[in-house]
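Colleague: The following block contains the structure, expressed as structure tokens.
The values are calculated or read from the model by the stated rules, or taken from the named source; none is laboratory data. These figures come from a predicted structure and were not determined experimentally. Counting neighbours? That spans all protein chains shown, and the Cβs are built from the backbone with ideal geometry, glycine included. To get the accessible areas, we keep the full protein, side chains included, count just its heavy atoms, and leave off ligands, DNA and RNA. Shrake-Rupley method; radii C 1.70, N 1.55, O 1.52, S 1.80 Å.
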Amino acid sequence: MIFWLPLASVFFIWWLFAAQLPFQLPVGVWDEDHSSLSRQISRYLDATPGLKVARQYADAHEAEAALQAGEVYAVIYLPRNLNSDVKSGRGGHMVLNVNAQFGTHSGLIQRDVTTVVGTVSAGIQMQMRVTRGQPVQQAQASFSPLQAQNTALFNVAGDYQIFLGSVVIPALLHIFAMTAGVYSVGRELRDKTLGQWLNSTLSWRVRALALMGKLMPSILSLSLVSAVSVWLIAQQGSNNLAALCSVLFSLCLLVVLSIVLGALMALLTLSLRMALSGAGFITSPAFAYSGIGFPLLAMSSGAYTWAMLLPYTHHARLQVQLLQMHASVHFAWPTLLGFSGAILLLFLLTIPLLQRALQSPEKWGAR
């Protein structure tokens, strides 16, 4: 729980996003026009790297069944008279039915289909203008008099291994670390061995050192796993040593904070079961509230406040700023100082709670 499983999870997550960008997403085409234009659209769709025309459908029921069965993520409907409507100048309409339950899939498919439709439409318009005798250069200018220049910043290639994989790993380590902190102290309570480890007559300093020794194996092993995870991220071209060191230091502090918080939860509840529930309540939704998947500024005030209270949110923001947005390492100082202060405060709170637990042997053994 504190070394092999976290280490295996790190490599598994990194391998899971090894493709870096989703491609060849299966889509279906329901073609009722059977014209040269509809066949051209199907070829363009299949030639797009992000899409793969998996099947052609004959009717609506067949297409609907394929979507519901998960055989394809979208169906493109090409209605009758599409070619004749376009040639007559009335304009044609395609219908994209996309399974929006899969947010990433649907977004990529909509983008690629829109690109295909724009490309085919531009070709048709250019051909019609040139046929009427308009020069090619003039046709191009008149067809697109105003153009937008989109500049993608930071993750230009849309690499999901960096975008998601590199931030899911710290979220997993956060879960492992807090669980380790709960178990380190909670099992002493569960097995009624707290009195064999310590007694209530020991000084404050001795109790602090004993608790530190109890938590140290988890801290050292999970910090080593953290170093491996940052090393993996560095293999993707992150060569800013100061930024990598700052991210590693932040991740190690997050691990220590999580372990101490877990120990505090066990001593606060005096129950391993309740402490594990509390750890799950804090760590399980941490990624969802981090601002990676859903923007922080779009959250309600209550959700935003809860997100700011979760330690993982601050590490995720620091990591994205330093490794993806190439911000200065000075942005890391507030997070690093905040983590350090929180660790010290929580550790100091555990000492009187440990004394309370030692003086309450009737609570030992609670599940």
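Colleague: Residue under question is L164, and the condition is that it be out of contact with any Ser or Thr (no Cβ under 6 Å at 6 or more places or on another chain) and open to solvent by 30 Å² or more (accessible area, probe 1.4 Å); does it hold?
Modeller: yes
This table checks each residue for (1) in contact with a Ser or Thr (Cβ under 7 Å, 6 or more places away or on another chain); (2) surrounded by 19 or more Cβ atoms within 10 Å (Cβ to Cβ); (3) closer than 18 Å to G103 by Cα.
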{"residue": "P49", "(1), (2), (3)": "no, no, no"}
{"residue": "A54", "(1), (2), (3)": "no, no, no"}
{"residue": "Y57", "(1), (2), (3)": "no, yes, no"}
{"residue": "E71", "(1), (2), (3)": "no, no, yes"}
{"residue": "V75", "(1), (2), (3)": "no, yes, yes"}
{"residue": "P79", "(1), (2), (3)": "no, no, no"}
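Colleague: Now, a different point. Taking interchain pairs and intrachain pairs at least six residues apart, which have beta carbon atoms under 6 angstrom, with the first residue in the stretch 316-335 and more than 13 Å from N155 (Cβ to Cβ) and open to solvent by 90 Å² or more (accessible area, probe 1.4 Å) and the second at pLDDT 90 or above and not in a helix (DSSP H, G or I)?
Modeller: Correct list of pairs: empty, since none qualify.
Colleague: Something else: Can you tell me which condition A141 does not meet? The list is (1) at pLDDT 90 or above; (2) exposed (fewer than 15 other Cβ atoms within 10 Å of the Cβ), and all the others hold.
Modeller: (1)
Colleague: Next question, about the same structure. Only one of L345, L309 is over 22 Å from the mean Cα position of the chain (by Cα) and surrounded by fewer than 19 Cβ atoms within 10 Å (Cβ to Cβ); which?
Modeller: From the options L345, L309, the qualifying one is L345.
Colleague: Out of L272, L244, which single residue is touching a Lys or Arg at 6+ places or on another chain (Cβ under 7 Å) and touching a residue at least 60 places away in the same chain (Cβ under 8 Å)?
Modeller: L272
Colleague: Suppose we keep only residues that are open to solvent by 50 Å² or more (accessible area, probe 1.4 Å) and closer than 24 Å to V256 by Cβ within the stretch 173-200. Which one would you say is farthest from the chain's Cα centre (by Cα)?
Modeller: My answer is W197.
Colleague: Can you tell me which of (1) assigned to a loop (DSSP other than H, G, I, E, B); (2) surrounded by fewer than 13 Cβ atoms within 10 Å (Cβ to Cβ) is the one H61 doesn't meet?
Modeller: Tallying (1) assigned to a loop (DSSP other than H, G, I, E, B); (2) surrounded by fewer than 13 Cβ atoms within 10 Å (Cβ to Cβ), H61 fails exactly one: (1).
Colleague: Could you go through the stretch 3-26 and let me know if any residue there is crowded, with 17+ Cβ neighbours inside 10 Å and over 30 Å from H174 (Cα atoms).
Modeller: Yes, the stretch 3-26 has at least one match.
Colleague: Anything in the stretch 266-280 that is within 13 Å of L353 (Cα to Cα) and in a helix (DSSP H, G or I)? List them, or say none.
Modeller: Passing the criteria: A266, L267, L268, T269.
Colleague: Moving on to the next point. All but one of (1) among the charged types (D, E, K, R); (2) open to solvent by 50 Å² or more (accessible area, probe 1.4 Å); (3) touching a helix residue (DSSP H, G or I) at 6+ places or on another chain (Cβ under 9 Å) hold for R205; which doesn't?
Modeller: (3)
Colleague: Does Q127 fit the bill of being more than 18 Å from the chain's Cα centre (by Cα), at pLDDT below 75 and open to solvent by 70 Å² or more (accessible area, probe 1.4 Å)?
Modeller: So Q127 fits the description; yes.
Residue by residue, here is whether (1) out of contact with any Leu (no Cβ under 6 Å at 6 or more places or on another chain); (2) part of a helix (DSSP H, G or I); (3) over 26 Å from H326 (Cα atoms); (4) at pLDDT 95 or above holds:
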{"site": "S200", "(1), (2), (3), (4)": "no, no, yes, no"}
{"site": "P217", "(1), (2), (3), (4)": "yes, yes, yes, yes"}
{"site": "L220", "(1), (2), (3), (4)": "yes, yes, yes, yes"}
{"site": "S223", "(1), (2), (3), (4)": "yes, yes, no, yes"}
{"site": "L232", "(1), (2), (3), (4)": "yes, yes, no, no"}
{"site": "Q236", "(1), (2), (3), (4)": "yes, no, no, no"}
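Colleague: Quick check on this structure: which one of Y44, Y73, Y77, Y57 is in contact with a Pro (Cβ under 8 Å, 6 or more places away or on another chain) and among the aromatic types (F, W, Y)?
Modeller: Being in contact with a Pro (Cβ under 8 Å, 6 or more places away or on another chain) and among the aromatic types (F, W, Y) holds for just one of Y44, Y73, Y77, Y57, which is Y73.
Colleague: Filter the stretch 208-229 down to residues that are under 26 Å from L345 (Cβ atoms) and in contact with a Ser or Thr (Cβ under 9 Å, 6 or more places away or on another chain) and give me whichever is surrounded by the fewest Cβ atoms within 10 Å (Cβ to Cβ).
Modeller: Checking each candidate, the answer is P217.
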